[in-house]
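Encoded as structure tokens, here's the structure I'll be asking about.
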Amino acid sequence: MTSDLPTMTPVTHSHSVVENGNGAPWRALLRWESALVVVLIGALVFGSSESPNFLNPTNFFYIGMNMGEVAIMALPLTLVIMTGEIDLSVASMLGLSGAVMGYLFSNGWSIWLAMAAALVVGVLGGAVNGLLVAKVGLPSIAVTIGTLALFRGIAEILLAPRTVTGFPSSLTTIGVVPIPGTQIAYSAAIFLGLAVVAGIVLHATPLGRALVAIGLQPEAAQFSGIRVNRIKIWLFVLSGVVCAFAGILLTLKNASVSYDAGTGLELNVVAIVLFGGVSIFGGRGTVIGVVLAVAIVGALQQALTQMNVQPEVQNIVIGVLLLISVVIPNGGEAIRRIRDRARRHA
Amino acid sequence: MTDQRSAPPVLVLDHATKRFGAVRALEDGSITLYPGEAHALLGENGAGKSTLVKILAGVYGADSGELLIGGEPVTFNGPGASRAAGVSIIYQEPTLFPDLSVAENIFMGRQPLGVGRRIDRAAMNRAATEIFARLGVQLDPSRVARGLSVADQQIVEIAKALSFNAQVLVMDEPTAALTTVEVGRLFEVIRTLRAQGAAVLFITHRIEEAFASCQRVTIMRDGSFVRTAPIEEVTVEDIIRSMVGRDLDALFPKTPAAPGEVVLDVEHLCRDGVFYDISFQVRRGEIVALAGLVGAGRTEVARAVFGIDRRTSGTVRVRGEALPNGKPLAAMNAGVALVPEDRRQQGLVMEMSIDQNVALASLRRLRRFGLIWRSRERELATTWATRLQLRFSRMGNTVSTLSGGNQQKVVLGKWLARNPSLLIIDEPTRGIDVGTKAEVHRLLDSLVVDGLAVLMISSELLEVLGMADRVIVLREGRIAADLTRAEADEDSIMRAATGQSPAAAA
Amino acid sequence: MSVITAPAAAPTERPVSRLESLLRARELGIALAILLVFGLTTLNNHAFARVASIQQLLIGAALIALLGVGETLVIVTRNVDLSVGSIVGLSAYIVGDLFKYHHNMPVVLGFVVAIAVGAAIGAINGFVTTVARVPSLVVTLAMLYIVRGVDGLIVNGKTIDPGSIPKAFTAVGYRTLFGIPWLAIIVAVVVATAGYAMRSFRSSRDLYGIGSNPDAAVLAGIPAGRRVFTAFLISGSLAGLAGALFLALHAQIDVSGGTGYELAVVAAVVVGGVAIFGGSGTVLGAALGAVLLNTINQALVASRISAFWNGAIAGGLLLVAIAFDRWLSLRVARSLQSAEGAHRDL
Amino acid sequence: MDTARTVRRKVTLALAVTLVGAVVAACSSSTTTTTTSPTGSATATSVKKGLTVYFIPKDTQNPYEVIADKGGQRALQELGGKVVVSSGTQDTAAAQIPSIQAAIQAHADAIVIAGNDPSALCPSLNQAATAGIKIVAFDSDISCGSSPVHLFINQANTEQIGTSEVDLLAKAIGSKGEIAILSAAASATNQNAWIGYMKQQLKKYPNMKLVSTVYGNDDPATSLTVLQGLLSAYPNLRGIISPTTVGISTAAQYLDTHKSLLSTLTLTGLGLPSQMKSYVHDGTVKQFELWNPDNLGYLAGYAAAGLASGSASLKADSKFEAGKLGSYTVLAPSATTGPSVVLGPPTVFDISNIDKFNF
């Protein structure tokens, strides 16, 4: 019991095994994202084995075209969830943006001004969410359930029961044709472009690091000079404006808009982000995981539709994937805990 | 008391050990409690006291060693089992349910039942009132716990433990947040409990309290039992030597200060309901300590200076420049660094890697083309890890894998990497082993010699006395004393902190 | 010394009673809001105060109020159950299908089956949440998809027509007792029972403890896993019961039954003063929240305001409700703090 | 050293693979494709054999359209072709687009679609038309202008539905009093078209006043809420027209359980006889109308097969055979619709005939 025994010195070498740290990005890739890659490959193999046409380029165009708006909305939501908040108003904002655009366009505004106004509405709506969450201090899940109803309601006031059509065909065609010379949908290209930006911002900039810190330990982030509230406000604004942009894309793709465009999509978007490995508690997740999740859901949907499987099966598949995405990372620990308990009782 | 001590011990913990992964939190936890005695458990932070308490509480299971209650060996498989065996714990940090009533907090899980197994609220409130009466306090048992002051929360905790009619009552630093009056009342309660034949284990870092209320004292150091002795057989000096295991001078290396120009100038700082009219200055090359009881407003002053909390009025100047209200980033850019009290919540992002934590406050400086480069981040972290003699295995490991002392070094590195002119450091050595503690003190001393201004908050009197050039004592949100190094001693600080004028004490 | 001891009691008494009254006023406040909406609408349209109209207010709110009871139990523990809407749809269809092929099946058995279906799904929710220790938001979101998908596979485009449901069963949906609809009576009994239990039993107080401070709950020896499991089980069972009542009320069911209820329930519960992050709130408040939202919905129609305003007004009110709640708790905190300040000054 | 992580990774991968396997298993067992060999006797000579027609209903669960799809299946069965029913679970254009794409990928000969949105499907349908697929709309028309041109199988003359419902109600309430409409979704094309004609027809009844149109979104709960609000708002309401099956059955159930209202209030609209049977028998509803959805799908099937074989055309006044239903004439485009075919006048159901129908 002499005092110079270095008893409290940690022997950290064996620690990395015990602790499940989120060290280098490549090590994170070994976990959830690698499973996603396998699932994606599985989905593609499965699709092509069931339908010889599945791997043709047109199908990739279709997948991109069908997933575009949901995928684009998933990106800002990824960042929002990274900070431990949630935005359930995304699909309503998409609908509101389309409604504003349609309303103004049908009232004689130029299409460009109408689109600009829709984006402004996105900024304003996002600011409402952001201020209520960050400044007033309300839980984002409650706030955005409220704005989910509010935004959709405003869209309904503006547009119901009309359907606005007659948008310039020069613009609406971009929703339904691939980029010339390729089989890439415009919305898919925009999504990929935004995903690269989101990936760089999240994984390689001070802002991205701040988001992670906020998600993991908001107080420590604040004590490190990170302007937690300001960042949250701007994230909600970003979410609003990007969803408004997705609303414009959807309106152009459909060449028409009614107040209920995209109703119920919020849960799809949330499901994709979570399936992509983003922790609902914040601080953990990668953009590549979300991109993979988008690809998997899109490919499975396309494969199942083309094989003419009942659409309900798609819901079940999404649900099961979602469940697995949270249970597996915790599965090992749960088993260990149960074993411990059994031993303790024995 | 002596005849009672000849009775068989009510609780014996013998050579208990506990590891967390690779960290040995408890090497040799041994203690023997007799019915009717008050027993002080003393030791530095990190000596293993809290781990020992949690083993007694059934929160942790010991890896080895033996626990006997009433002579029978027992194993607890949860906090419930410990309580059932007659051991009650009052934790250092109150563990209340903020949404439930005070009475319900006391009786959670064993509320008095009436007809049809329904909770008898009236009986519960009566029982709570009775316990409060025994404690000599008046608290409305039907009010919710949210909004209680720390002292009142502590009282609820004590009431909870009392309500078990425990044979063994363990109090983990119960007095830290209490006023003198409340402490006196607590000692009264302890005497009552002893008279009823209970054993009280009293953990404190105020050595004088051990002399005031305990019959025996056990001292721990570095996770190990050092000695147990009747209180009349030891002196304060004995105890300190046993606790620290070396000379005090080695622990507090202090170079005489040569204060330079004013770095921090705080004038009439006020935050309504928390502190009022705080004015002081910190100069280059000196350590100013903010002392006082827990809850006196020390941490809150630091938070307001740094801008985490908004001040109601007053000004903060750093090197002559006024800081805007409530903007930590502005304070940082003016050269202020804050090492917060709660390392795990505020100082570090526990699930982030070591290098990312070191870089967290310097991200903007690390930027090139707007991006963070891992190599630059790693380089910065390596520089500071070397300078601070950080002990780690991989930079990419999360900071949660480090010991408390090394975690504190990471926090220090994170701030020193910004090259600050003022370092505010709140409880610099809380939960740190003695070896690292001395390192941190040496580091602070050398930084000050190099011209840093340091504002230090500490609850450890020895640390304040050993390190500070000036001591500002806060009491209930106001400055009670501003002492020079020469004027400051245990007596003058405690008197200012507790509001006893020298005359009254005499 | 004695100078400090004496006054300690006095200042703490006054704000405490004020706080209590404010907290108690929560249910009272909602009740007043209901009366206010009711009164204003009646001024505008006297028919709103007719017995039949009031009966409709109760019937219209009954199902959401019933679901709100289970949801309160879950939310109080810091969890959430998003699968309730899907459970309503599935259990209602299964019972309807049974009646279709066994028209003479005892009515009681219909309720038993519905509750059993709900309990089974609730048990899955609770099991996955507590054993794998994964966020219930994700688990129940996944279950929302899975149950809805399974429902779709079972329904497969069929409907249960009014003729297949025994009159004795649908009677529950429209008969009254002394002018009070049976539906409202059943829900009121559930609310009263749950409200009483939540106040009066140790195990239900544990739920509040778990949500209020999970760590302290462990130290207090509360079996958190078992309690949370039970909360999900009850929530599922009540959703199953709600499914049976849905069938009794509408005498028909197709695949869409209960769609979107999850967000309506969460909204009602939040408006009813249940803290979304657990620890506080009453089932009575949640039920009153459901009545308030339904009263507003019907008041808008009755006031001859275009139905298109419903969504926006409901969303706006939800935001007002949670903002008000926040303001209230801040005020309470401030009044306590200044009381303590006063205490210090003495 | 790293075994724990490796094991966990292996488990993850194994589960992922299992999952994909499970998906494969689930999918291969549950397709709704009906392939049938020609039954011979009823085969029309001018129609090609082996045609594939995609039926894309509003969603796969709409009971009314499930019946229509079955009619289409029977038509193609008679013609020696096959029907694939494909759609989503929600009534949205977005959910129908993948089905159109699937039809293109499967080189279908024709698409029969009930549009969830008048315009949003046009771009995708245009792609299908470019790929040589003939487009037929039924139940709810699409309005795509000239690209692609398509044939609309009108269940009944749109104008006729609107006017006849108003006439039915007028007869029942003596042509006077306040009336209201309980519709489906505010964005439903067919509903809005009928409501337009109802309003026109109401001008002939100066004493009847349309006081409100409410939307139940084809959901029983929402329909009930708006109905209750309606009754509170307009205590003097004499009649309700609900031109949607969910709406009328919800309202019927309400009236059935609140019989006191029956003395003043009359309900009519469009409903399925199977759902309404009990209400007609107990007198809750006197009269309502509908066409036979099975025939609607059957006609659409024949039209699609005819267009794909070249035996039918979009030209005004051209004729084609539709099996048991006889010969149909294509009507010239009007202001609101392109080329169309009308199934026939709707059947009015009452106590005298309700038991003869089983859809």
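Going by alpha carbons, how many degrees (0 to 90, nearest 10) lie between the helix axis of B:180-195 and the longest principal axis of chain B?
30
Something else now. How many angstrom lie between the Cα centre of the stretch D:54-86 and the Cα centre of the stretch C:68-101?
Here the answer is 33 Å between Cα centres.
Hey, another quick one. What nm distance separates the two modelled labels at D:Phe357 and C:Arg175, each placed 7 Å from Cα along Cα→Cβ?
Placing both labels 7 Å beyond Cα along the Cβ direction yields 3.3 nm.
Of all beta bridges DSSP finds with both residues in the stretch D:158-290, what is the antiparallel percent, to the nearest 5?
0
Restricting to DSSP H runs of at least four residues, report the calculated mean residue ellipticity at 222 nm for chain C, -39500 (n - 2.57) per run over all residues, nearest 500 deg cm²/dmol. Provide the component values of the computation, followed by the final result.
Details: 14 runs with 267 residues, N = 346.
Computed mean residue ellipticity for chain C: -26500 deg cm²/dmol.
Excluding residues on the same chain fewer than 8 positions from B:Lys54, give the lysines whose Cα lies under 24 Å from its Cα.
Qualifying lysines at Cα under 24 Å: B:Lys18, B:Lys160, B:Lys437.
Taking N as the number of residues in the protein assembly as shown, what is its alpha-carbon radius of gyration divided by 2.2 N^0.38 Å?
Working it through for the protein assembly as shown, the quotient is 1.02.
Which of the residues in the stretch C:47-89 lose at least 40 Å² of accessible area when you go from the chain alone to all protein chains together (probe 1.4 Å)?
When all protein chains are present, C:Arg50, C:Gln56 each give up 40 Å² or more of accessible surface.
Same structure again: Before rounding to the nearest 500, sum -39500 (n - 2.57) across all DSSP H runs of length at least 4 in chain D and divide by the residue total; then give [θ] at 222 nm in deg cm²/dmol.
Mean residue ellipticity at 222 nm (helix-derived): -13500 deg cm²/dmol.
Sticking with this structure for a sec: So how many Lys-Lys pairs in the stretch D:256-359 land under 21 Å Cα to Cα, not counting same-chain pairs under 8 apart?
Value for the stretch D:256-359: 6.
Rounded to whole Hz and in sequence order, give me ³J(HN,Hα) for the stretch A:67-83 from the Karplus expression 6.51 cos²θ - 1.76 cosθ + 1.60, θ = phi - 60°, writing x for Gly and Pro.
Once rounded to whole Hz, the list reads 8, x, 5, 4, 5, 5, 5, 5, 5, x, 5, 4, 5, 4, 5, 4, 8.
So, R0 is 25 Å and r is the distance between the beta-carbons of C:Leu32 and C:Trp327; what FRET efficiency does that work out to, to 0.05?
In this case the efficiency is close to 0.90.
D:Asn207 versus B:Glu379, label points 7 Å from Cα toward the beta carbon: distance in nm?
A separation of 9.5 nm, rounded to one decimal place.
What is the set of long-range amide H partners of D:Leu210 at a cut-off below 5 Å, with H atoms built 1.01 Å from backbone N?
D:Ile179
First measure r as the distance between the Cβ atoms of B:Thr228 and B:Arg117, then evaluate 1/(1 + (r/R0)^6) with R0 = 35 Å and state the FRET efficiency to the nearest 0.05.
Efficiency computed from Cβ-Cβ geometry: 0.15.
Averaged over peptide B:404-413, how many Cβ atoms belonging to another chain are found within 10 Å of each residue's Cβ?
Mean inter-chain Cβ contacts per residue within 10 Å come to 1.
Moving to a separate point now. Check B:Arg227: other-chain or 5+ apart residues with amide H under 5 Å from its amide H, H built from backbone geometry?
Here the answer is B:Ile219, since their amide H atoms fall under 5 Å of that of B:Arg227.
If you average the alpha carbon positions of the stretch B:379-434 and of the stretch A:184-258, how far apart do those two centres end up, in angstrom?
32
Shifting gears a bit: Going 7 Å from the Cα of B:Thr312 in the Cα-to-Cβ direction, what parts of the stretch B:273-295 have a backbone nitrogen less than 12 Å from that spot?
Under cut-off, by backbone N: B:273-278.
Once D and A are treated as a pair rather than alone, how much accessible area drops out, both sides summed, in Å² to 100, probe 1.4 Å?
Interface between D and A: roughly 4200 Å².
Compute the helix-to-body angle for D:245-257: its Cα long axis versus the longest principal axis of chain D, expressed 0 to 90° and rounded to tens.
Approximately 50 degrees, to the nearest 10.
Compute the long axis of helix B:434-449 from its Cα atoms, compare it with the longest principal axis of the Cα atoms of chain B, and write down the angle in degrees, 0 to 90, nearest 10.
Between the helix axis and the principal axis of chain B, the angle is about 30 degrees.
Go through the stretch B:422-430 residue by residue and turn each phi into a ³J(HN,Hα) via Karplus (6.51, -1.76, 1.60, θ = phi - 60°); whole Hz please, and just put x for glycine and proline.
Calculated HN-Hα couplings, in order: 10, 10, 9, 10, 9, 6, x, 10, 5 Hz.
Where both partners of a DSSP beta bridge lie in the protein assembly as shown, what percent of those bridges are antiparallel, to the nearest 5? Working shown, then result.
Working: 59 of 130 bridges.
The antiparallel proportion sits near 45 percent.
I've got another one for you. What is the spin-label model distance, in nm, from B:Glu261 to D:Ala131 if the labels are put 7 Å beyond Cα along the C-beta direction?
Between B:Glu261 and D:Ala131, the simple spin-label model gives 7.8 nm.
What percent do you get for the relative contact order of chain B when only Cα pairs under 8 Å and 6+ apart count?
15
Using modelled amide H (1.01 Å from N, peptide plane; none on Pro or chain starts), what sits under 5 Å from the amide H of B:Ile424, excluding residues fewer than 5 places away?
Here the answer is B:Ala337, B:Leu338, B:Val339, B:Leu455, since their amide H atoms fall under 5 Å of that of B:Ile424.
If you don't mind, there's one more thing I want to ask. Check cross-link reach from C:Lys158 to the aspartates and glutamates: straight Cα distance under 20 Å, and skip same-chain residues fewer than eight apart.
Qualifying aspartates and glutamates at Cα under 20 Å: A:Glu312, C:Asp97, C:Asp254, D:Asp59, D:Glu65, D:Asp69, D:Asp91, D:Asp139, D:Asp218, D:Asp219, D:Asp294, D:Asp355.
What average count of beta carbons from other chains do you get within 10 Å of the Cβ of residues in C:214-224? Spell out each step's value before the answer.
Numbers: counts 1, 2, 9, 4, 4, 12, 11, 11, 5, 3, 0.
That works out to 6 on average.
Under a point-charge model restricted to the Cβ atoms of Lys and Arg (+1) and Asp and Glu (-1), what is the dipole moment magnitude of the protein assembly as shown relative to its Cα centre, in debye to the nearest 20?
It works out to roughly 1460 debye.
Give the average, rounded to an integer, of partner chain Cβ atoms located within 10 angstrom of each Cβ in A:196-205. Mind showing how you got there, number by number?
Details: counts 0, 0, 0, 0, 2, 2, 0, 2, 6, 5.
Shielding by partners across A:196-205 averages 2.
Based on the Cβ-Cβ distance from B:Ser492 to C:Leu43, what FRET efficiency comes out when R0 is 56 Å, to the nearest 0.05?
0.20
How much accessible area per residue does the protein assembly as shown have, in Å², with a 1.4 Å probe?
Per residue, the protein assembly as shown has 36 Å² of solvent-accessible surface.
List the relative contact order of chain A as a percent without decimals, with contacts defined as Cα pairs under 8 Å and 6+ residues apart.
It comes to 31 percent, rounded to a whole number.
Next question. Checking an interface number: how much accessible area is buried between C and B, summed over both chains, with a 1.4 Å probe, in Å² rounded to 100?
Summing both sides, the interface buries roughly 3200 Å².
A plus B alone minus the pair: what accessible area, both sides summed, probe 1.4 Å, in Å² to 100? List each step's numbers first, then the result.
Working: alone 18000 and 22130 Å², together 35960 Å².
Between A and B, the summed buried area is about 4200 Å².
How large, in percent, is the carbon and sulfur part of the accessible surface of the protein assembly as shown at a probe radius of 1.4 Å?
59
Next up: With an 8 Å cut-off on Cα pairs and a minimum separation of 6 or more residues, tell me the relative contact order of chain C in percent.
Details: 555 pairs, mean separation 118.6, N = 346.
Reported as a whole number, the value is 34 percent.
I would also like to ask the following. If the cut-off is 16 Å between C-alpha atoms, which aspartates and glutamates fall inside it for D:Lys171, apart from same-chain ones fewer than 8 positions away?
Qualifying aspartates and glutamates at Cα under 16 Å: D:Glu289, D:Asp350.
If you don't mind, another one. What ranking do C:137-143, A:198-204, B:480-486, C:242-248 get when scored by the average of other Cβ atoms within 10 Å per residue, highest first?
On the way: C:137-143: 25.9, A:198-204: 18.3, B:480-486: 15.1, C:242-248: 29.6.
Going by the mean number of other Cβ atoms within 10 Å, highest first, we get C:242-248, C:137-143, A:198-204, B:480-486.
Compute the whole-percent fraction of alpha carbon pairs in chain B spaced more than 45 Å apart.
In whole percent, the long-distance tail amounts to 16.
Further, regarding this structure: Using the Karplus curve 6.51 cos²θ - 1.76 cosθ + 1.60 with θ = phi - 60°, work out ³J(HN,Hα) for each residue of the stretch D:266-277 in order, rounded to whole Hz, and write x for Gly and Pro.
So the Karplus estimates, Gly and Pro as x, are 10, 10, 8, x, 10, x, 7, x, 4, 6, 8, 3 Hz.
Related question: Using only helices, what value at 222 nm comes out for chain B when you add -39,500 (n - 2.57) per DSSP H run of length 4 or more and divide by the total residues, to the nearest 500 deg cm²/dmol?
Mean residue ellipticity, 222 nm, calculated: -10000 deg cm²/dmol.
The values are calculated or read from the model by the stated rules, or taken from the named source; none is laboratory data. Everything quoted here is computed from the prediction, not taken from an experiment. Cβ coordinates were reconstructed from backbone atoms using ideal geometry, including for glycine residues, and neighbour counts include every protein chain displayed. Side chains included, ligands, DNA and RNA excluded: accessible areas come from the protein's heavy atoms. Shrake-Rupley method; radii C 1.70, N 1.55, O 1.52, S 1.80 Å.
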